[in-house]
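Engineer: I am attaching a structure below and will ask some questions about it afterwards.
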Amino acid sequence: MSQRVRWVLRRSWPAVLVVLLFCRVAGAHGGSPASHVPALVSSSSPGPQDDTILGRLKACLLMGDMQCVVTQYMALNDLGRMPGWLVAFQNAFAIANRRAGECERVARAIHQGLLEFAQKPAFIRFSVQGETQLLGFDVVENGILVKNLQVSTTGYHVAVKLGDRVIDAYTGLAGLPLHEYMARLTTDGKSQVIQQVVEAL
């Protein structure tokens, strides 16, 4: 190595070091911001690790996207017509069912639907203890209380529990964590709501 080359290297080594470090960092990240973005579960794509109809169906269930669930199930089984249990499962979340007296029928339809999708649901019963038998449910949108719907006039309500989520017509397929669901239930100030998981109705 000539004396001039050694002199150039001594003068420029900081810049060379910066370039080498930059190349190493870029290589570690794959050279593209998209390459290290987490694979998110969505109704259109469950992620690159399970890009199948079954994978998308599972993702739709996790997200609580009912329309996506129906679409992916029909595609998975190559069906031109929805089976009866799937129709009942979809209809269980209709707004018309958000009223007193519908809970048992709705809970059975949701329970059966989740069983068909190889889930492990259970029934959960809510009872009012106290001077009144009225039970309501707070509807919250963007953190703001929008309205209160009547759930029961008899002090009795039943829903479906899947893991830590409670699912019924009021929550939609996505459900709510049990503690949040309990917080949404309303009754007289001198009464209280208790819950119990049951095997059957």
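Values quoted throughout were computed directly from the atomic coordinates according to the rules given, and no laboratory measurement underlies them. From a predicted model like this one, the values you see are computed outputs, not experimental measurements. Virtual Cβ from ideal backbone geometry, glycine too; neighbours counted across all protein chains shown.
Engineer: Which residues in the stretch 177-195 have a backbone N closer than 18 Å to a point placed 7 Å from the Cα of Lys120 along the Cα-to-Cβ line?
Structural biologist: Taking a point 7 Å out along Cα→Cβ of Lys120, the residues of the stretch 177-195 whose backbone N falls under 18 Å are 178.
Engineer: Pairs of Cα atoms under 8 Å, at least six residues apart: use those to get the relative contact order of the stretch 82-198, whole percent. Walk me through the numbers on the way to the answer.
Structural biologist: Numbers: 224 pairs, mean separation 37.3, N = 117.
Taking the mean separation of contacting Cα pairs over the length of the stretch 82-198, I get 32 percent.
Engineer: Would you mind ranking Val146, Val151 by Cβ crowding within 10 Å, fewest neighbours first?
Structural biologist: Ordered from fewest to most neighbouring Cβ atoms within 10 Å, Val146, Val151 come out as Val146, Val151.
Engineer: Let me ask something else about it. What's the local net charge at Leu185, with K and R +1, D and E -1, over the other residues with C-beta under 13 Å away?
Structural biologist: Residues near Leu185 contribute -2 overall.
Engineer: Using θ = phi - 60° and the Karplus relation 6.51 cos²θ - 1.76 cosθ + 1.60, list the HN-Hα couplings for the stretch 178-194 in order, rounded to whole Hz, with x at every Gly or Pro.
Structural biologist: Rounded to whole hertz, the list is 3, 5, 6, 4, 4, 5, 7, 6, 10, 7, 4, x, 9, 10, 9, 9, 10.
Engineer: Tally Lys and Arg at +1 and Asp and Glu at -1 over the other residues with C-beta under 15 Å from the C-beta of Leu201: what net charge comes out?
Structural biologist: Result for the local shell: 0.
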